[in-house]
Amino acid sequence: MTQGTSELTVGEMLLKYGISRRSFIKFCTATASAMALPPWMGPAMAEQLRNSPRPSVVYLSFQECTGCAESLTRSFAPTIENLIFNTISLDYNDTLMAAAGEAAESARTKAMQDNFGKYVLVVDGSVPTGAGGAYCAAGGRSAVDILREAAKGAAAIVCVGTCASFGGIPFADPNPTTAWPVSGIISDKPIINVSGCPPMPEVITGTLLQFISTGQVPDLDEHRRPKVFFGNTIHDRCYRRPFYDQGKFAKSFDDEGARNGWCLYELGCKGPTTYNACATIKWNGGTSFPIQSGHGCIGCSEPGFWDKGSFYSALSTAAWGKAGEVAPRQVGKLAAGAAAVGVALGVASAGVSRLRQRPSEPHGNEPKGG
Ligand code: SF4
Ligand code: SF4
Ligand code: F3S
């Protein structure tokens, strides 16, 4: 990781890390493709970034499990995403940086002063406000104070993971630390939520690259997630979808249906109400994703996923949709006619959009204004 401000461009830094122009264009093209951008956008993004000064990124970790940072750095192999993330000037990250104590705190202060108004603030973890902020502190200061200070000079805040985006597991009932998502503390800055527990590394880097290369906050959904990555449900893109449409459901994890790769809806899959890119980008360099590994989606990129009932209970008809919408078993019956299936998919999709809710209020004290 690089500390301090540098005058080098992104291109010069990539060269320093031994990343060729060709590899960088390939990476940007893949990122553009994952974002459903036109093919010419990849090379254009690469060129724009190569000639730009390195943007400063201050990365704060609060009440978290380090899964988000682990997802990003992926220890199994050095990846271009990892190198690029480090290359685009990670000025402060208390998990990854070599410095500690006062040196680390000075690095953060210097990065914020030198780049006031311009740096991207990345946050993972929720922000506990109970016990005067004592549940999470660094350098004698509470997470909530550190966040407020860092937010002041940020151009935008990118929340990495469901904890920072929606409160995540610390926010779950009974929320013993009175944890809040970043948006519960800061209200006067653009906030981009990259949810997931953890989020996909390609989605993190894609969101950062998009913001850094254009200076614009991307189109966001009602939960402030970039639509390019969170515009579809897992169910919309799931390779098991034809079985769902035919009404073929595994009843247990080791029955014939499971062995045949049938739909996991009745085993609790939350894919129909979960917006994320796992079914298309997949994990570990495109190797697989939970459903491909034989387990239903648990809805980890959605607000309040931990408190929505058992991961192994099928979505209720009430959760699935309202009167007049098509429940899964009915879809199976309708599947005989292609036209009928088309109607069912449209109706189901409309039902899913109505299910997207804001996180419920946390349990405990109100945070002070941002
Ligand atoms: Fe850990 Fe999940 Fe929270 Fe990330 S979102 S810090 S992986 S619990
Ligand atoms: Fe895939 Fe789950 Fe939808 Fe079945 S219910 S098609 S396993 S996302
Ligand atoms: Fe999470 Fe579901 Fe993807 S559990 S990792 S959003 S398939």
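Data table
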quantity	calculated
Residue in the range 108-118 that is under 26 Å from GLU302 (Cα atoms), away from ligand 1 (no atom under 15 Å from the Cβ) and either in contact (Cβ under 8 Å) with a residue 24 or more places away in the chain or in contact with a strand residue (DSSP E or B) (Cβ under 9 Å, 6 or more places away or on another chain) (or both) present	no
Count of the range 225-260 residues which are charged (D, E, K, R) and within 20 Å of THR31 (Cα to Cα)	3
Residue match in the range 257-280 (condition: touching a helix residue (DSSP H, G or I) at 6+ places or on another chain (Cβ under 8 Å), open to solvent by 30 Å² or more (accessible area, probe 1.4 Å) and modelled with pLDDT under 95)	yes
Subset of the range 48-68 that is touching a helix residue (DSSP H, G or I) at 6+ places or on another chain (Cβ under 7 Å) and open to solvent by 50 Å² or more (accessible area, probe 1.4 Å) - its residue that is farthest from ligand 3 (Cβ to nearest atom)	ASN51
Residue within the range 152-174 that is in the same structural domain as PHE62 (by TED's automatic domain parsing), open to solvent by 40 Å² or more (accessible area, probe 1.4 Å), away from ligand 3 (no atom under 16 Å from the Cβ) and assigned to a helix (DSSP H, G or I) present	yes
Answer residue from the range 295-309, given it is modelled with pLDDT of 95 or more and away from ligand 3 (no atom under 13 Å from the Cβ) and is most open to solvent (accessible area, probe 1.4 Å) among those	ASP307
Hits in the range 281-294 - residues which are of a type in the set (Ser, Thr, Tyr) and either near ligand 2 (Cβ under 9 Å from one of its atoms) or open to solvent by 50 Å² or more (accessible area, probe 1.4 Å) (or both)	THR287, SER293
From MET97, MET1, MET45, residue being open to solvent by less than 20 Å² (accessible area, probe 1.4 Å), modelled with pLDDT under 70 and of a type in the set (A, V, I, L, M)	MET97
Failed condition for VAL217, given (1) modelled with pLDDT under 95; (2) not in a loop (DSSP other than H, G, I, E, B)	(2)
CYS28 touching a Pro at 6+ places or on another chain (Cβ under 9 Å) and over 30 Å from ARG141 (Cα atoms)	yes
Residue within the range 313-320 that is of a type in the set (A, V, I, L, M, F, W, C), touching a strand residue (DSSP E or B) at 6+ places or on another chain (Cβ under 6 Å), in contact (Cβ under 8 Å) with a residue 40 or more places away in the chain and within 15 Å of ligand 2 (Cβ to nearest atom) present	no
Hits in the range 283-311 (condition: in a loop (DSSP other than H, G, I, E, B), away from ligand 1 (no atom under 16 Å from the Cβ) and within 24 Å of ASP254 (Cβ to Cβ))	THR287, GLY294, HIS295, GLY296, GLY309, SER310
Residue list for the range 210-239, filter: more than 16 Å from ligand 1 (Cβ to nearest atom) and in contact with a helix residue (DSSP H, G or I) (Cβ under 6 Å, 6 or more places away or on another chain)	SER213, PRO218, ASP219, ASP221, PRO226, THR233, ILE234, HIS235, ARG237, CYS238
Test result for PHE229, hydrophobic (A, V, I, L, M, F, W, C) and open to solvent by 20 Å² or more (accessible area, probe 1.4 Å)	no
Conditions (1) in a helix (DSSP H, G or I); (2) surrounded by 19 or more Cβ atoms within 10 Å (Cβ to Cβ); number of the one not met by GLN113	(2)
Unique match (being within 21 Å of the chain's Cα centre (by Cα), acidic (Asp, Glu) and over 21 Å from LYS308 (Cβ atoms)) among ASP219, ASP145	ASP219
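The values are calculated or read from the model by the stated rules, or taken from the named source; none is laboratory data. Computed from a predicted model, the values in this text were never measured in an experiment. For neighbour counting, all protein chains shown are included, and Cβ atoms are generated from backbone atoms with ideal geometry for every residue, glycine included. Heads up: the accessible areas ignore ligands, DNA and RNA and are worked out on the full protein's heavy atoms, side chains in. Shrake-Rupley method; radii C 1.70, N 1.55, O 1.52, S 1.80 Å.
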